[in-house]
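Some notes on the structure that comes next.
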Amino acid sequence: METKHEVCSAFTPRRNSLRKSCADIVREARQSLRVQSTHRPLTPRDGPRRLFGGNSVRGDHGSRPPSAFSLHARNFDADSRPGSGTRLSPLNHKPKFPDSSNAEDPLKDFPKSPIEPVEARKGLAWSQTRLLKSASLASLLPSEACTDEKLNPGPEPKRLSAEQLCSPDLSTDRRGHLKASQRRTPSRSSKNIKPDVDSGVRPTESGTEQKTELGHGNGSTCPDEEDPESLVWNNVILPLLQELESIAAGSSEGSVDRLCDLCDRLHGTLADADMLSRRCKKRSGILRTLFHLVDRESAQLNLHIAKLCLALCVSGNNLLNICKLVFQISRSESNDILFEKISIIDSLLSVLKYEDVSVSGEALLYCVGALKFLSGNITILRILLAKNCIEVAQKLLQKLCIVSDCDMTLAGNILVQLTATLRNLADHPDSRTLFVSFYVIPALCLVLGRYCEDKDICTNISRIFSKLSSYSECCLALAQTPNCYSLILDLLSKHHQKQDLVVRLLFTLGNLTAKSEEPRQELFQCNDCMPTLLRLYNSYQRRNVSSSTDVQTEAPSPREPAAAAAAALTDDVLVKLVRVLANMCIHPAVGPSLAANTTCIQLLMETLELRCVEESEDLMVNVAAAINNLSFYQEENSEIRRNQLTIAKLMSKLLLSSSMDAMLEATRVYGNLSLHKDVRDLAMQNKVHKFVVTLLDSKRAEMCFSACGVLTNLALDPPNRVCLMLEGASAKLVDCLRDFGPADWQLAGQACQALWNLIGHGSDTLLHAEERERLLEILTVYSDKEEALKWTQNEEEQDFYRACWESEFLPVAQKLIKVLHSVEVTA
């Protein structure tokens with residue numbers, strides 16, 4: 001029977017695990033040692049979207065980046081070209097200095113300054129100032145004279161040929177893709193260009209003409225030197241930029257929608273021409289135009305701008321400001337719909353995937369912060385999962401674990417956002433297999449080892465573990481991670497004062513020890529396991545006792561609700577901790593050691609003394625369950641055995657409560673302790689037997705089964721039988737046999753055993769004639785094999801029920817039938 005029902009691994013769910021059979025329920029409920037379950041700690045809903053929540057330990061000191069800031073066009077760099085990162089070698093040329101012997105004019109060999117130094121210094125600043133003005137872009141654009149229709153096209157690009165892109169007969173549709181047009185861009189000869197401001201040509205100091213192009217400050221490009229990219233620029237991209245600037249300069253209604261549409265068309269055009277990323281030579285001109293639009297302060301437009309800038313691979317200060325811009329937009333839940341419509345998620349994940357922490361750490365911080373906010377939206381959360389966000393996050397976790405010590409503060413801030421994002425992703429059912437397949441759980445353990453002092457990071461990871469450990473595959477992945485138990489114990493010791501962290505780590509340990517025998521032993525064998533757990537137990541028990549005393553002695557105050565919430569959280573810590581102890585002692589090598597641990601037993605008894613079921617029901621039920629498991633071990637050095645009378649008195653307190661769960665656990669404890677005569681005598685003196693007989697009226701099979709067990713032990717003593725019969729125990733036992741027998745042969749066998757003891761093992765009988773006839777009739781019907789097993793129609797359950805019927809019910813039923821027949825003949 002045991003072999004059949006233990007085939008599956010403890011971590012591997014059975015087939016149709018959502019639908020347990022009746023046999024499974026009965027078998028699991030009837031084990032002498034029971035695994036304790038509890039609800040997962042409630043994850044509080046985040047308040048206003050901020051980079052760091054109100055409960056963050058980072059406070060407002062300098063290491064905490066701001067959540068609110070203002071961004072304008074002037075914050076962006078005019079020239080977005082990144083540095084090459086290469087160091088130039090020194091020149092071999094050595095300058096010659098004038099000979100000091102020339103005393104007449106020692107400075108005559110030095111070069112003279114220009115004739116107009118003010119105009120010479122004006123250069124670049126003059127062009128940048130004009131770019132930031134809201135005047136028409138036409139004054140800054142290159143002359144149409146640079147368009148040469150006779151230029152031979154270059155090789156074909158990836159999407160469209162250079163001839164198609166550069167043809168004057170092509171324009172772009174509203175989505176940014178090219179289409180045929182009847183208009184032709186006029187062309188002029190370069191010799192007709194006049195050096196005026198409107199044409200974009202201004203005289204230089206030497207009297208020659210120089211053309212200023214948008215986004216390209218390298219001088220004019222002659223028609224004979226134009227390449228396919230220049231033709232695409234002049235015929236397709238340039239008109240889009242001109243239209244962008246002209247619409248931005250006006251204030252007509254619907255201009256934001258038109259600007260968003262133009263940005264979308266520009267993005268499509270650049271993509272078709274294979275000019276995204278850094279492949280566009282004049283990308284700085286595009287970026288300048290886009291940066292100028294930021295001042296319109298439109299979330300929709302700014303998101304389009306950010307998408308295009310990220311596609312153009314901005315870096316440095318511009319990347320930081322774009323990530324801040326996205327973060328700023330994501331702070332408002334009303335903007336979530338924009339992220340659903342504008343496909344920028346891919347670009348944000350690319351930033352996480354490719355940017356270096358030491359170079360772009362602050363940009364990563366705001367990028368992940370935006371994803372943290374967005375992952376709170378269930379629709380965007382599904383998008384993140386579909387775009388492989390979990391794998392990207394795992395790679396970033398690994399990079400953040402190996403940063404240098406000088407970057408750990410920034411990396412820690414990023415990890416707070418990243419772990420909060422993973423915490424949101426862990427809520428979705430589809431994410432659990434991804435957490436396992438991409439080895440996110442071991443990566444999180446590495447982060448815990450490196451950043452064990454950071455309470456914010458540890459709290460977020462503890463929330464992830466508390467969610468995932470409730471599922472078998474994730475629990476197995478965590479259990480197989482090296483040193484996970486010692487790591488959790490170390491965190492419990494370091495952060496024992498942080499209740500929200502402690503309660504989740506304890507809940508995770510409870511899930512691990514509820515699944516298999518190996519985790520129970522591995523946890524117990526860790527260094528400082530029991531000292532750490534018992535220190536926590538003692539600390540939180542004392543904290544709750546002192547707070548409850550303060551509430552009783554002090555006058556009511558407005559802070560009482562907060563104090564009540566703190567007390568509830570303290571109770572939750574103790575509930576999870578006692579559950580770990582109850583689960584660990586199921587292991588045969590751990591149980592006797594815990595039963596002999598004086599400190600452990602004293603703390604459990606103290607909880608029963610100090611608390612009441614009405615205020616701490618879950619805690620009292622778990623403590624009773626832990627004592628029930630520990631009372632299974634009856635070694636000589638067992639502290640349960642030494643204190644069994646005190647424990648029996650404390651269990652009476654639970655029997656008198658209004659909680660059915662508390663009564664059930666107390667009855668189970670009496671079932672173990674009543675094996676000893678001194679406990680049976682105490683139960684009879686304190687009228688416990690009356691409550692136990694009353695429990696036979698319960699409609700819960702488990703309650704009746706436990707009550708039958710206690711009555712079986714109490715009826716061992718002849719003086720107790722009369723008292724039990726006077727309370728109507730025999731009639732109620734017959735009713736239990738009639739009501740539950742066909743569906744539960746274990747309960748039927750226990751009821752028969754209680755009746756067997758109650759009538760004195762056949763030596764005498766206290767049954768009335770009517771009860772005897774009724775009992776004999778029921779036993780006769782139930783002893784018929786065909787009649788008894790017809791109640792079970794499921795073929796998978798027939799073997800189990802047949803085994804229970806044959807081993808637990810039939811032998812006792814046959815003895816009772818024999819005794820009842822002999823009494824009837826005598827009568």
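The values are calculated or read from the model by the stated rules, or taken from the named source; none is laboratory data. Because the structure is predicted, anything quoted here is derived from the model rather than measured. So basically every Cβ, Gly included, is an ideal-geometry build from the backbone, and we count neighbours across all protein chains shown.
Inside region 372-390, can you point out the residues that are on the phi < 0 side of the Ramachandran plot and either assigned to a loop (DSSP other than H, G, I, E, B) or of a type in the set (D, E, K, R) (or both)?
Our first condition is that a residue be on the phi < 0 side of the Ramachandran plot; within region 372-390, this holds for 372-387, 389-390.
Once the filter is applied, which keeps residues that are on the phi < 0 side of the Ramachandran plot and either assigned to a loop (DSSP other than H, G, I, E, B) or of a type in the set (D, E, K, R) (or both), region 372-390 yields LYS372, SER375, GLY376, ASN377, ARG382, LYS387.
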### Message
I'd like to verify a number: residues in region 626-642 that are buried (at least 22 other Cβ atoms within 10 Å of the Cβ) and either closer than 20 Å to ALA568 by Cα or more than 33 Å from the chain's Cα centre (by Cα) (or both), how many?
### Response
5
### Query
If you take just the helices (runs of 4 or more DSSP H) that sit entirely in region 692-783, which of them hold at least 1 residues that are β-branched (Val, Ile, Thr), within 20 Å of VAL679 (Cα to Cα) and touching a Ser or Thr at 6+ places or on another chain (Cβ under 9 Å)?
701-714
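Output the helices (runs of 4 or more DSSP H) that fall wholly within region 594-654 and possess 2 or more residues being in contact with a Lys or Arg (Cβ under 9 Å, 6 or more places away or on another chain), or say none. Write out each step before concluding.
Values: elements: 598-610, 617-630, 639-642.
Per the criteria, 598-610, 617-630.
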### Task
Residues being closer than 18 Å to ILE817 by Cα, in contact (Cβ under 8 Å) with a residue 40 or more places away in the chain and not polar (S, T, N, Q): count how many of those fall in region 720-755.
15
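Rundown of residues vs (1) among the aliphatic types (A, V, I, L, M); (2) part of a helix (DSSP H, G or I); (3) modelled with pLDDT under 95, yes/no style:
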{"position": "CYS475", "(1), (2), (3)": "no, yes, yes"}
{"position": "LEU489", "(1), (2), (3)": "yes, yes, no"}
{"position": "GLN497", "(1), (2), (3)": "no, no, yes"}
{"position": "THR508", "(1), (2), (3)": "no, yes, no"}
### Message
Against the conditions (1) modelled with pLDDT of 90 or more; (2) under 21 Å from LEU604 (Cβ atoms), where does ASN713 fall short? Just the number, please.
### Response
(2)
#### Entry: Single residue of region 767-788 satisfying the filter (at pLDDT below 80 and buried (at least 16 other Cβ atoms within 10 Å of the Cβ)) that is nearest to TRP805 (Cα to Cα)
ALA788
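Within region 570-593, work out how many residues are in contact (Cβ under 8 Å) with a residue 40 or more places away in the chain and more than 22 Å from HIS496 (Cα to Cα). I'd like the intermediate steps shown before the answer.
First, the residues of region 570-593 that are in contact (Cβ under 8 Å) with a residue 40 or more places away in the chain: 570-587, 589-593.
This time we only want the ones that are more than 22 Å from HIS496 (Cα to Cα), so: 585-587, 589-593.
Number satisfying all stated conditions: 8.
Results for (1) part of a helix (DSSP H, G or I); (2) under 20 Å from SER375 (Cα atoms); (3) touching a strand residue (DSSP E or B) at 6+ places or on another chain (Cβ under 6 Å); (4) not aliphatic (A, V, I, L, M), shown as yes or no for each residue.
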| residue | (1), (2), (3), (4) |
| --- | --- |
| ASP407 | yes, no, no, yes |
| ALA411 | yes, no, no, no |
| LEU418 | yes, yes, no, no |
| ARG423 | yes, yes, no, yes |
| VAL436 | yes, yes, no, no |
| LEU444 | yes, yes, no, no |
